[in-house]
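These notes are about the structure you will find just below.
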């Protein structure tokens, strides 16, 4: 019998919140759909209030004393939370991104990877360049070193190596960080003078 492969969810996930009957507290502080406080209620009355309004009782602060619950449409609330999470990830700068290469990469493919790496560096991300060896390729590590050297040479105008290339079992890796541009330093000088 074959097992199904799990590819995971493509959606970003935050921690699941207890909803309706999953809430195990005896009393909860209830906040209405418009933000008004309904007070501390026993869980049965809080669930009844949610049911009367065709909404869900969602525990938003489980560590508070008493736990805080809101009356919301859970599907809509969850959608908005995922949307905020995704926006927060988009605005992050300085992430470590990875570009994988092979030791026998063709020239056109290498130029394409260099172009993509340059774009990632211009966005402000650090980039880890990894050359992966398969099978008997590991016997010729000098091919991997040459590929890394070519990439570093091509990107020396916009990136600097943060450390020496490292070699582990089947990989050689080099981490590049974006260079502070001349424009940025000139703008800082102008702001300092003003």
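The values are calculated or read from the model by the stated rules, or taken from the named source; none is laboratory data. This structure is a prediction, so every number in the text was calculated from the model and none was measured. As a convention, Cβ positions derive from the backbone with ideal geometry for all residues, glycine included, and neighbour counts pool all protein chains shown.
What to note about this one:
One line per residue, one yes/no per condition, for (1) surrounded by fewer than 14 Cβ atoms within 10 Å (Cβ to Cβ); (2) over 14 Å from residue 148 (Cα atoms):
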| position | (1), (2) |
| --- | --- |
| 57 | no, yes |
| 61 | no, yes |
| 87 | yes, yes |
| 117 | no, no |
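- Selection count where residues are part of a helix (DSSP H, G or I) and over 29 Å from the mean Cα position of the chain (by Cα), scope region 110-143: 8
- Test set (1) exposed (fewer than 15 other Cβ atoms within 10 Å of the Cβ); (2) part of a loop (DSSP other than H, G, I, E, B) - residue 48 fails condition number: (2)
- Top-ranked residue of region 67-97 - restricted to ones that are modelled with pLDDT of 85 or more and assigned to a loop (DSSP other than H, G, I, E, B), ranked as farthest from the chain's Cα centre (by Cα): 67
- Evaluating residue 163 against the criteria (1) at pLDDT 90 or above; (2) closer than 30 Å to residue 89 by Cβ leaves one unmet condition, (1).
- Residue 68 being touching a residue at least 12 places away in the same chain (Cβ under 8 Å) and not assigned by TED's automatic domain parsing to the domain that holds residue 166: yes
- Contact map, region 163-180: first residue more than 20 Å from residue 125 (Cβ to Cβ), second residue part of a loop (DSSP other than H, G, I, E, B), Cβ cut-off under 7 Å, separation 6 or more or different chains; pairs are 170/133; 172/165.
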